[in-house]
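The values are calculated or read from the model by the stated rules, or taken from the named source; none is laboratory data. Treat the numbers as computed from the prediction; the structure is a model and nothing was measured. FYI the Cβ positions are ideal-geometry reconstructions off the backbone, even for glycines, and counts take in every protein chain you see. Side chains included, ligands, DNA and RNA excluded: accessible areas come from the protein's heavy atoms. Shrake-Rupley method; radii C 1.70, N 1.55, O 1.52, S 1.80 Å.
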Amino acid sequence: METGQSSGALSGDNLSSLSSTPATIISRWSFAVWRRYQHLLDKTVPHILYRWISCLFIALIYAIRVYILQGFYIITYGLGIYMLNNLIGFLSPQIDPEIHDGPTLPTRGSDEFRPFVRRLPEFKFWYSIIKAFIVAFIMTFFVVFDVPVFWPILLFYWVLLFILTMRRQIMHMIKYKYVPFSFGKQRYDGKKPPSSDNMPLPRD
C-alpha cells in the first residue's frame, strides 16, 4: 500500500512539475496573448473605413522613412509587387470561369442573384497589406537590405507591370461579364405583384 501511495504521489508531483516548467508557462502565456490579439482583430472587422485609414497612416509613415533615408528602394519595389498580387486576388472571383465550369455570376436580369465572392476577401486583403508594411518598415532598420539600385528603373517597371496586369484583369471582367463589387440584392423592374392583403374582397 505504501508503495502504491508513494508512486501516486510521485506521479502527481511529476505532473505538477511538468505544468510549471518554463516552456509550459511561456506556451500558455503566448496562447493567451494570441487569443487576446485575435479577439481585438475580430472586433475591427465591421469598421472598414477606420481600418483603411489606419492602413494609409502606416503607409505614410513608411513612405516618410524611405524618403528620409533615401534608400531601401528594392524593399519598396518588392512591397509594391506583393500589393499588386494581393490586389489581383481581391479583384478576382473565387471561382475562375476560365478554369472551372461551375456556377458563375449572373449575366442576365432573369438569372438568380449571386453576390461576388472574392478570391481574397477584403479583410484578408487589408490585413496582408498592414503586415507587409510593418515587415518592410522593420527591414529598413537593417543596412544589409539597402541594396544600391537606380530607383527610377524600378518605378518605371512597376508602373508598366501595373498597367499590363490591370489591363488583363479588366479584359477578364469584360469577357466573363462580372464586376468585382456587390451592390446589395437584385432589383427587379416592373410593378410589384399585388399581395393577398391588398386584394379586394368578393361581394355577395
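Residues whose amide H comes within less than 5 Å of that of R118, counting only those at least five positions distant or on another chain, are Q94 (H built at 1.01 Å from N in the peptide plane).
For the stretch 158-167, 3J(HN,Hα) computed residue by residue from phi via the Karplus equation (6.51, -1.76, 1.60; θ = phi - 60°) reads 5, 4, 5, 5, 5, 5, 5, 5, 5, 5 Hz, glycine and proline entered as x.
Rounded to the nearest 10 square angstrom, T21 shows an accessible area of 40 square angstrom against a 1.4 Å probe. The spacing between the stretch 114-174 and the stretch 37-82, judged by their C-alpha centroids, is 11 Å.
Tell me, what is the FRET efficiency for V144 and F57 to the nearest 0.05, using R0 = 41 angstrom and their Cβ-Cβ distance as r? Provide the component values of the computation, followed by the final result.
Values: r = 28 Å, r/R0 = 0.67.
FRET efficiency, V144 to F57: 0.90.
With a 1.4 Å probe rolled over the protein heavy atoms of all chains, the accessible area of S30, S92 falls in the order S30, S92, largest first.
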